[in-house]
Amino acid sequence: MFDPKLIRNDFPILSRQVHGKPLVYLDNAATTQKPHHVIEALRRYYEESNANVHRGIHTLAEEATALYEQAREQVAHFIHAPSARSIVFTRGSTEAINLVAQAWGRWALKPGDEILLTEMEHHANLVPWQLIAQATGATLQFVGLTADGTLDLAHAQALLSERTKLFAVTHISNVLGTINPVADLIRQAHAVGALVLVDGAQSVPHLPVDVQELDCDFLVFSGHKMLGPTGIGVLYGRPELLEAMPPFQGGGEMISNVWLDHATWNEIPWKFEAGTPHIAGAVGLGAAMEYLSALDMAAVRAHEQSLVAYALSAFERLNHDIMIYGPKDPALRGGVIAFNYQNIHPHDVGQFLDGEGVAIRAGHHCAKPLMRRLGVVATARASFYLYNTTQDADRLIAALQKTKETFSVVAHR
Ligand code: PMP
């Protein structure tokens, strides 16, 4: 039985106070809190098995290597990848996308080729493609949005052509919360011979993702957004693509043999892991996946969907003072709710809420083109996760009501 009240007990930070009030943490799209299980796995790794991987012949090095490679197996299992060979550890989603842009892009793209993106992408799934387009002569195309913040699917279909070499699309928008129909988009892209990279930074932590069912070519996500440590992330790639692609960075670990003037490459996935990796981070991510699997990702999704439905209807108590971005139907959105409140600047809203113990985010959310499309410079954003409750949503609404009262008093002085 999925019980967020019990789950909260696993997260020590959630029992702290902020400005004398119990913390309500609603900034999960930025990063998530860590359960005892993950903190304990990190402690145990450093206290018992810390060593560098792959290169040592002593016991600790063997243990560290086994733990690191076991984490890779756990990741493969979590997203139902056909083999751990298709799992590359990176620093996060950003580095994973840069890896594909640089390694695959430099190798595969030429002038006249097109990379298809959308108007709702995070800068991490935008700027790496701008850089590689400039370097190769490929051009960028963008799928537009409908009025309710979903992708314009007819536009996507119209833009896909034999010139499209890659469609890089977010699974869930970190601003609008929109869940994109990636399985359909992948089918359409494959029909014209394009590859598809799915930015799973906001989806893999929140709902079941099966790379074989989706049939995506690349999937990226970040450990810190799914209860794991910062500095560790994942690139899933189809093994035959990873085999064919040249390396991303050069250095130790990614080589098979080295001469003064040239080198040959290690097998995948290590070909893409130059230098000492974030071993403890991978171990912590493995522990996070154990924790999430025990809860069941379908239950995580169901909980968030009902919480967002509750929060969206609770927002109605604020009458017409609030502008909410993205689809109205909770079935079409993840746990992210971006909004603007009265004419109060989102930074002021965020600061006032912090004073009430409620942590949200305010800003452009690394999606400046989307902000321009919405006609705003910034929004406030509350984002929910498995340990949030309806009481958290109520605290958010109450704090917003208080914000309004305070600001109208100030405005009338
Ligand atoms: N894509 C999306 C949709 C995101 O929300 C984020 C993080 N906000 C990223 C990519 C980048 O993730 P990271 O900073 O962990 O590399």
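What follows draws every value from the coordinates through simple rules; no lab data is involved. Predicted model, so just to flag it, every value in this text is computed and none were measured. Here Cβ is always computed from backbone atoms with ideal geometry, including for glycine, and neighbour counts include all displayed protein chains.
Can you go through GLY56, GLY105 and tell me which one is farther than 29 Å from LEU386 by Cβ and not in a helix (DSSP H, G or I)?
Just a single option satisfies the conditions, and that option is GLY56.
Looking for something in a helix (DSSP H, G or I) and surrounded by 14 or more Cβ atoms within 10 Å (Cβ to Cβ) - is there at least one such residue anywhere in the range 256-264?
Among the residues of the range 256-264, not one is in a helix (DSSP H, G or I) and surrounded by 14 or more Cβ atoms within 10 Å (Cβ to Cβ), which makes the answer no.
Would you mind listing the helices (runs of 4 or more DSSP H) fully within the range 120-195 where at least 2 residues are within 16 Å of the ligand (Cβ to nearest atom)?
127-136, 182-191
Looking at the range 208-234 only, could you name the residues that are within 11 Å of the ligand (Cβ to nearest atom) and either crowded, with 24+ Cβ neighbours inside 10 Å or assigned to a helix (DSSP H, G or I) (or both)?
Answer for the range 208-234, where residues must be within 11 Å of the ligand (Cβ to nearest atom) and either crowded, with 24+ Cβ neighbours inside 10 Å or assigned to a helix (DSSP H, G or I) (or both): VAL220, PHE221, SER222, GLY223, HIS224, LYS225, MET226, GLY228, ILE232, GLY233, VAL234.
Can you tell me which of PRO205, PRO239 is surrounded by fewer than 24 Cβ atoms within 10 Å (Cβ to Cβ) and either closer than 26 Å to GLY326 by Cβ or not acidic (Asp, Glu) (or both)?
Step by step, each of PRO205, PRO239 is checked, and only PRO239 is surrounded by fewer than 24 Cβ atoms within 10 Å (Cβ to Cβ) and either closer than 26 Å to GLY326 by Cβ or not acidic (Asp, Glu) (or both).
Does SER86 fit the bill of being more than 19 Å from the chain's Cα centre (by Cα) and more than 21 Å from GLN202 (Cβ to Cβ)?
The answer is no for SER86.
List the number of the failed condition for GLN74; all other conditions in (1) within 16 Å of the ligand (Cβ to nearest atom); (2) closer than 30 Å to ASN388 by Cα hold.
(1)
Among the strands (runs of 3 or more DSSP E) confined wholly to the range 269-369, which include 2 or more residues that are β-branched (Val, Ile, Thr) and touching a Phe, Trp or Tyr at 6+ places or on another chain (Cβ under 9 Å)? Working first, answer last.
Numbers: elements: 322-324, 336-341, 361-363.
Counting at least 2 such residues, we get 322-324, 336-341.
Show the residue pairs that are 6+ apart or on different chains and have beta-carbon atoms under 6 Å apart, the first residue being within the range 87-100 and closer than 19 Å to PRO246 by Cα and within 12 Å of the ligand (Cβ to nearest atom), the second being not in a helix (DSSP H, G or I) and not small (Gly, Ala, Ser).
Pairs that qualify, where the first residue is closer than 19 Å to PRO246 by Cα and within 12 Å of the ligand (Cβ to nearest atom) and the partner is not in a helix (DSSP H, G or I) and not small (Gly, Ala, Ser), are THR90/LEU235; ALA96/THR90; ALA96/VAL220; ALA96/LEU235; ILE97/VAL220; LEU99/LEU235; LEU99/PHE248.
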